[in-house]
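Asks: Shown below is the structure under consideration.
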Amino acid sequence: MHPCLNPSLISTKELTGYLGVAQHAGFEWVEADIGDIRKRAEQTSPQEVVDLFASRGVQLASFGLPVNLSGDEASFRDGLARLDRNAGLAMMLGCGRCMTWLRPSVDALPVPYASRIAHRLRLCAEVLAAYGIRLGLEFVGPHHLRHKAYPFVYTINDTLEYIEGIGAPNIGLVVDSYHWYTTESSIADIARIPAGRLVLVHVNDTDRSPAKADDHERLLPGEGRIDLTSFFRGLDQAVYNGPVSVEVLRKQPFAEPESEIAEKAFRAVAGLIEENRS
C-alpha cells in the first residue's frame with residue numbers, strides 16, 4: 001500500500017503547486033481533477049503535463065468519473081464523450097483507476113433507477129477498459145445521507161452485489177474508512193472482498209459515533225475513534241497493494257499551513273501501512 005494525497009487536504013488547486021506539496025510531504029501518488037489536468041494539457045501540451053508529474057516524482061493514482069450519471073440523457077452522453085478524451089490523457093500519465101460514488105438513498109423508484117445507473121456505469125466502464133482503466137464504485141455510509149424515500153447502496157456487500165449485476169469486468173470497489181465505520185462493518189467484510197475487486201482506498205477519521213458522524217466533518221487519520229488498525233489489517237488480508245488516499249472532507253479549511261497538513265497526513269498513513277504490513 002502507498003500513501004496518496006487527496007485534493008480535500010489542501011487549498012492549492014493549480015497543478016504545479018499541488019504536485020509540489022505532494023512531493024515535499026513525501027507522497028508518490030496523488031488523486032487529482034482530470035478536468036484541471038486536461039486544461040493544463042490544452043494550454044501547454046500533454047507531454048508537458050507528463051513531464052511535470054515525472055519531474056515531481058509523482059504519479060496520478062485515480063481521477064473522479066467526469067460524467068453525470070443521474071442527469072438527463074443529453075448530459076450523460078456529453079460526459080461520456082469527454083470521458084474518452086480524459087481517459088486517454090490519464091493513460092499517458094500511467095493512471096489505471098477512475099472512481100465515482102453511489103447514493104445511499106434515492107427518491108426515485110429504486111428498480112428503474114438502479115437499472116438506469118447500472119447501464120450508464122457499464123457504458124463508462126467500456127470506455128475506460130479501452131485504456132486499461134478500472135472504475136471503482138464507492139458506497140456512502142453516514143446516516144444523515146440515508147434520509148430519502150428508498151435505501152440504495154451503502155454497504156460493502158450491497159456494492160459488491162450491484163457490481164456483479166452491472167457485469168463489467170473492470171468495475172470494482174472503493175472502500176473509505178469513514179463509510180466502513182458509519183455502516184459498522186468489520187475486518188471480515190474487507191477481507192472477503194474478492195481478489196482484484198478493490199480498486200482504491202480512502203482513509204480519514206472522526207470523533208463521533210457511527211450514527212452521528214457527519215460526512216463533511218472528518219479528521220485526519222489517528223485523530224478520532226475509527227479503529228484504523230483493524231481497517232488496515234482488513235486491507236492487508238484482502239491483499240490490497242494500491243494507493244491509500246487521505247480524503248478529509250471538511251466544512252472549514254485546516255488552520256495549519258497546507259504543507260504541514262500534507263506532511264502530517266503522510267506520516268499517519270505511512271505509519272499505519274507499516275504497522276499492519278504482513
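No value in this document is a laboratory result; all are computed from the given coordinates. Note that the structure is predicted; figures quoted are calculated from it, not measured. No Cβ is skipped: glycine too gets one built from the backbone with ideal geometry, and neighbour counts run over all protein chains shown.
Asks: Say the cut-off is 30 Å between C-alpha atoms; which of Lys39/Lys212; Lys39/Lys148; Lys13/Lys264 go over it?
Replies: Those over the limit are Lys39/Lys212; Lys39/Lys148.
Asks: Most mobile of Leu109, Leu93, Leu19 per a Gaussian network model of the chain (Cα springs, under 10 Å)?
Replies: Looking only at Leu109, Leu93, Leu19, the largest GNM fluctuation is found for Leu109.
Asks: Okay, next question. What share of all Cα pairs of region 2-275, in percent, falls into each consecutive 10 Å distance bin?
Replies: The distribution over region 2-275 is 7, 29, 37, 23, 4, given as percents.
Asks: Take the alpha carbon atoms of region 219-278, find their center, do the same for region 154-173, and report the distance between the two centers in whole angstrom.
Replies: 25 Å
Asks: Just to confirm a number: summing +1 for Lys and Arg and -1 for Asp and Glu over residues other than Leu145 whose beta-carbon lies under 9 angstrom from that of Leu145, what do you get?
Replies: On the way: positive: Arg103, Arg146, Lys148; negative: Asp215.
Summing Lys/Arg as +1 and Asp/Glu as -1 gives +2.
Asks: May I ask you to work out the translational diffusion coefficient for region 113-219 at 37 °C, viscosity 0.692 mPa s, via Stokes-Einstein with Rh from the Kirkwood sum over Cα pairs, reported in whole µm²/s? Mind showing how you got there, number by number?
Replies: On the way: Rh = 14.7 Å.
Answer, rounded: 224 µm²/s.
Asks: Starting from the Cα of Glu42, step 7 Å along the direction of its Cβ; do the same at Asp72; then give the gap between the two resulting points in nm.
Replies: So the label points at Glu42 and Asp72 sit 2.3 nm apart.
Asks: Can you tell me what percent of all Cα-Cα pairs in region 203-276 are more than 16 Å apart? The partial results should precede the final answer.
Replies: Details: 1387 of 2701 pairs.
Looking at region 203-276, the distances longer than 16 Å represent 51 percent of pairs.
Asks: Going highest first, how would you order 25-35, 188-198 by mean Cβ packing within 10 Å? Let's see the in-between values first.
Replies: Working: 25-35: 20.9, 188-198: 15.5.
Listed from highest to lowest mean packing, they are 25-35, 188-198.
Asks: To continue, here is another question. Output the antiparallel fraction of DSSP beta bridges having both residues in the chain, as a percent to the nearest 5.
Replies: 15 percent
Asks: If you count, for each residue, the other Cβ atoms within 10 Å and average over each peptide, how do 201-208, 251-258 line up from highest to lowest?
Replies: Values: 201-208: 23.1, 251-258: 11.1.
By packing density, highest mean first, the sequence is 201-208, 251-258.
Asks: Sticking with the crude label model, points 7 Å out along Cα→Cβ, report the distance from Asp51 to Ala81 in nm, one decimal please.
Replies: 3.2 nm
Asks: May I ask for the distance between the Cα centers of region 85-104 and region 1-77, given as a whole number of Å?
Replies: Using only Cα atoms, the two centres lie 10 Å from each other.
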